[in-house]
1. Return yes when G64 is of a type in the set (G, A, S) and modelled with pLDDT under 95 and no when it is not.
2. How many residues are over 15 Å from L25 (Cα atoms), of a type in the set (A, V, I, L, M, F, W, C) and in a strand (DSSP E or B) if we restrict to the stretch 63-88?
3. Name the residue that is farthest from S37 (Cα to Cα), counting only residues in the stretch 68-117 that are out of contact with any helix residue (DSSP H, G or I) (no Cβ under 8 Å at 6 or more places or on another chain) and among the β-branched types (V, I, T).
4. Which residue is modelled with the highest pLDDT, if the candidates are limited to the stretch 1-29 and must be among the polar types (S, T, N, Q) and within 20 Å of S49 (Cβ to Cβ)?
5. From the residues in the stretch 20-62 that are surrounded by 14 or more Cβ atoms within 10 Å (Cβ to Cβ) and assigned to a loop (DSSP other than H, G, I, E, B), which one is farthest from the chain's Cα centre (by Cα)?
6. Consider the stretch 63-101. How many of its residues are in contact (Cβ under 8 Å) with a residue 40 or more places away in the chain and either closer than 20 Å to K15 by Cα or loosely packed, with under 11 Cβ neighbours inside 10 Å (or both)?
Amino acid sequence: MKSKNMDSWMVQLRKGTFELAILSLVKNQAMYGYEISSALKQLPVFAISEGAIYPILKRMTEKGWIDFYWEDSLEGPRRKYYQITKEGSLILADRIEKYKEIYEALLLLGEGGANNE
């Protein structure tokens, strides 16, 4: 059973990782907004509505982590494709490393490692 506090914790954790998830996706290929939200939905922890993705993409563009270009679509209006920038690649690598450090430290603490020194 999930408590309200657990749900709040998970919301905060997800907020902190959405940017990394998006950077991970656009690292390998440019993607448009709906395509990004659909890819995120493949992993339930990152499920997000199409409308909620655009403020995150705008913020990431303003930070210089991603940029975009427009491309005509055969299936409707032009699409705005997002791609990672050099700065975004550096941020992604750094933050993934930090998450690994945190994860490994939590495992160590869970095994009593911090008390065994």
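The values are calculated or read from the model by the stated rules, or taken from the named source; none is laboratory data. Since the model is a prediction, treat every value here as computed from it, not as a measurement. Positions of Cβ are backbone-derived with ideal geometry, glycine not excepted, and every protein chain shown enters the neighbour counts.
1. Details: of a type in the set (G, A, S): yes; modelled with pLDDT under 95: no.
Against the criterion (of a type in the set (G, A, S) and modelled with pLDDT under 95), G64 does not qualify.
2. The number of residues fulfilling the criteria is 1.
3. If we take residues in the stretch 68-117 being out of contact with any helix residue (DSSP H, G or I) (no Cβ under 8 Å at 6 or more places or on another chain) and among the β-branched types (V, I, T), then I102 is farthest from S37 (Cα to Cα).
4. So, considering only residues that are among the polar types (S, T, N, Q) and within 20 Å of S49 (Cβ to Cβ), the one modelled with the highest pLDDT is S24.
5. Filtering first and then ranking leaves A30.
6. Here is the first cut: in the stretch 63-101, the residues in contact (Cβ under 8 Å) with a residue 40 or more places away in the chain are 65-66, 79-84, 88-89, 91-92, 95-96, 99.
Remaining after also requiring either closer than 20 Å to K15 by Cα or loosely packed, with under 11 Cβ neighbours inside 10 Å (or both): 65-66, 82, 84, 88-89, 91-92, 95-96, 99.
Residues flagged as in contact (Cβ under 8 Å) with a residue 40 or more places away in the chain and either closer than 20 Å to K15 by Cα or loosely packed, with under 11 Cβ neighbours inside 10 Å (or both) within the stretch 63-101 amount to 11.
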